[in-house]
Each structure stands twice: as structure tokens, then as C-alpha cells.
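Written below as C-alpha cells is the structure these notes are about.
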Amino acid sequence: MLVDSFGRVATDLRVSLTDRCNLRCSYCMPPEGLDWLPKPDLLTAEEIVRLVTIGVERLGITEVRYTGGEPLLRRELVEIVAATARLRPRPQIMLTTNGIGLARLAAPLAEAGLDRINVSLDTLDPAVFLRLAHRDRLPDVLDGLAAAHRVGLTPVKINAVLMRGVNDHEAVPLLRFSLDHGYELRFIEQMPLDAQHGWRRENMITADEILGRLKASFDLVGDDPRDRGSAPAELFLVNGGPARVGVIGSVTRPFCGACDRVRLTADGQIRNCLFATEESDLRTALRSGASDDDLAARWISAVGRKKAGHGIDDPSFLQPARPMSAIGG
Ligand code: SAM
Ligand code: SF4
């Protein structure tokens, strides 16, 4: 098992399939520039499946989430999902995507064994989308959401990040849209993980602010926090339910004490935290002929060194050198 020195057990593996993306969300990437990882450094599909297999069969991983960068850009995505679905014990398989190309891929992904999906949608206004993501692709995202719903990847979850002065007036419209379409919306506080290091605390829309705005238009009743487990979202019944909305206060309401996540980057590094400043290189070991036992031992040791919390509030906090797009959100 992947146990750290505080007794937390990692069972949720997030795998970044690529650091590339077809959007440029300003909380994640600069509008232009940003070098991609060199191709030879990226794990091949076979290497990814081998490491995921070790995680599931030997190390107690029960959930595998594919992400990126934009995972739909990875040509072998459907095959990787299918190979993951053949593992025993069969893990839950999830995907986080910006939705571009999902209209075409939702059905093959569901057939391959994908269980659930999160689609990022920060605005319903094409002009705001262009300003925030620097590409004019809102219709593709909406088509992708509809396709995911149609093929039964339900409940389709939406991830939204609000930025002050950009889309923070859209909390209520985003929730109305989600209720109307049967999607489950989660707001995520903006974290200091953008490649250009542009995060400023005063620009972050906090969980308290988000809830304040929603409560002006909806009746929200919080779930019992004891039911939350390791899930980062605080969930609220909307207007008596059954629909719910989630708020993930990653910065102001950290959930590090219950964290059950571990990450594998597209270039084969184990990260025990989004905010870790050190990584463990499985790729070099794997390509030097390491056995499954050896790779598992390196992975166990990497998780063992996980820190108690992300420490964003510590004066000594250092933003990790790797941006979110290269870590796998
Ligand atoms: N490209 C895919 C997408 O956008 O869904 C997957 C990768 S993206 C890095 C994963 C999630 O991280 C998205 O929901 C995105 O909104 C979120 N994210 C990216 N940068 C963030 C930041 N600085 N703070 C909070 N969430 C962020
Ligand atoms: Fe791309 Fe996702 Fe980052 Fe937006 S959040 S730039 S879609 S990786």
C-alpha cells in the first residue's frame, strides 16, 4: 500500500497523458510560449499501462484519473482506457478534459470502460471564453458535454475556476446551466500553479465568496461533512435537491489531512502532491530495466515522503517549478 508518514493511504492515481493543450486558460498557461516536454521524455502508452498496472495490482490504487494537459490530444487515449479497464481488481476510471473533441470521443471512451468524466467550463459567454482561454472554442466544449451526457458518462461533472474581473459574475449562470442540463457543477479556487506565476491571493475568488454569490439566488444546504471522506468538494443540495453543487476550497479550506492522491506525470515522475517540489523518477528506472518490484518500491518510498500539507500560507511557500498543465490536475 502507498502509505505516508502521517498514515494517509494513496488510492487515487492521477495520470497526466500529455502536457500539451489546445487551450490557454489564463489560470494555467501564458497566452503564448511555454515549452512542451521533449517527445522522447514522454512515457509511451505501454509504459503508462505498465505503471498503472503496478499501481492497481500491487499498490492498492482503486481510482485512475487520466488528465493533462489535454488528455484528448493523446492519440492512444481509448486504448489506454481499455487496458486500464482490463485490470483486476478493476479500478474506477475517470477523465478530466476541456471537452474539445469529446463530441467524437465520448462514445468510444465509454465503450472502452471510462466510468466518469469532468469537463472544464468556466464561462457560458463566447467573448469571455476567448479572453480566458485565448481560443474561440466554447461551442466545442458544449457539444462535448452534451455527448458525454448522451452516452451515459453521468453524472457529467463540470469544473469551473472563477477569476476576479473575468468570469466571477458567472457563478449563478453556470449553476443554472448545470441544473438545466443535469450536469454536476464544482467550483475550484484558483491555485498558484500557473506557468507564468501570475497567481495573486487578492484575485482569487474564495469558497466563501462563491457560496455567498450562490446563496443569493439558490437555497443551499450543506451535506454532512462526515460524509465527505477524502473528496475535496464540499457539497450542497440545491433548492432541496436532488441536484448538488460542489465548492473546492483548495487554498482557503485545504483538505490535505484527508488527501488520498498521488500523481504520475507524462514524463514518468511520481509526485506525492500537486505542490511537491521534489519528484521521483520512475521513467529512468523503467527504461533501465527495473523490475515491477523495484518500481513499486520506488513508488512506495516517494509517497512515504509526502508532506503534511501544501503550505500555501507558510511564508516559506514556493510554487512548484512544474505548472499545472505538466503535473496533471
Ligand atoms: N485540460 C484538462 C482540463 O482543463 O480539464 C485537464 C487538465 S487541467 C490542468 C485540470 C483541471 O485543473 C481543470 O479543471 C482546470 O480548470 C484546473 N486548473 C488548472 N489550473 C488551475 C489553477 N491554477 N487553479 C485551480 N484549478 C486549475
Ligand atoms: Fe489546457 Fe486544461 Fe490548462 Fe485549460 S486548464 S490550459 S484546458 S490544461
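Points to keep in mind about this one:
- The stretch 134-147 residues that are more than 16 Å from Y183 (Cβ to Cβ), paired with ones that are open to solvent by 60 Å² or more (accessible area, probe 1.4 Å) and not in a helix (DSSP H, G or I) (beta carbon under 8 Å, 6 or more apart): H134/P31
- Index of the failed condition, D143 passing every other in (1) under 29 Å from Q92 (Cα atoms); (2) more than 16 Å from ligand 1 (Cβ to nearest atom); (3) outside any loop (DSSP other than H, G, I, E, B): (2)
- Restricting the stretch 258-278 to residues that are open to solvent by 10 Å² or more (accessible area, probe 1.4 Å) and out of contact with any Lys or Arg (no Cβ under 8 Å at 6 or more places or on another chain) leaves a set whose member that is nearest to F177 (Cα to Cα) is F275.
- Counting only helices (runs of 4 or more DSSP H) that fall entirely inside the stretch 60-135 and contain at least 3 residues that are open to solvent by 50 Å² or more (accessible area, probe 1.4 Å), the qualifying elements are 102-112, 126-133.
- Residues that are aromatic (F, W, Y) and under 28 Å from G311 (Cα atoms), drawn from the stretch 169-215: F187, W199
Listed here are the residues, each with its yes/no results for (1) within 16 Å of ligand 2 (Cβ to nearest atom); (2) under 23 Å from I117 (Cα atoms).
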position	(1), (2)
L17	yes, yes
K39	no, no
L42	yes, no
A45	no, yes
T53	no, yes
G60	no, yes
G68	yes, yes
R86	no, yes
Q92	no, yes
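- Restricting attention to the stretch 186-204, the residues being more than 7 Å from ligand 1 (Cβ to nearest atom), among the hydrophobic types (A, V, I, L, M, F, W, C) and in a strand (DSSP E or B) number 2.
- The single condition among (1) modelled with pLDDT of 95 or more; (2) open to solvent by 50 Å² or more (accessible area, probe 1.4 Å); (3) within 12 Å of ligand 2 (Cβ to nearest atom) that P31 does not satisfy is (1).
- I300 vs. criteria in contact with a helix residue (DSSP H, G or I) (Cβ under 8 Å, 6 or more places away or on another chain) and open to solvent by 20 Å² or more (accessible area, probe 1.4 Å): yes
- Residue list for the stretch 8-23, restricted to those being of a type in the set (K, R) and open to solvent by 40 Å² or more (accessible area, probe 1.4 Å): R20
- In the stretch 311-320, residue nearest to ligand 2 (Cβ to nearest atom) [restricted to those that are open to solvent by 30 Å² or more (accessible area, probe 1.4 Å) and modelled with pLDDT of 85 or more]: Q319
The values are calculated or read from the model by the stated rules, or taken from the named source; none is laboratory data. Keep in mind that this is a model prediction, so the values were computed, not measured. Quick reminder, even Gly has a Cβ in these numbers, built from the backbone with ideal geometry, and neighbours come from all protein chains shown. Ligands, DNA and RNA are stripped out before the accessible areas are found, and what is left, the full protein with its side chains, is counted by its heavy atoms. Shrake-Rupley method; radii C 1.70, N 1.55, O 1.52, S 1.80 Å.
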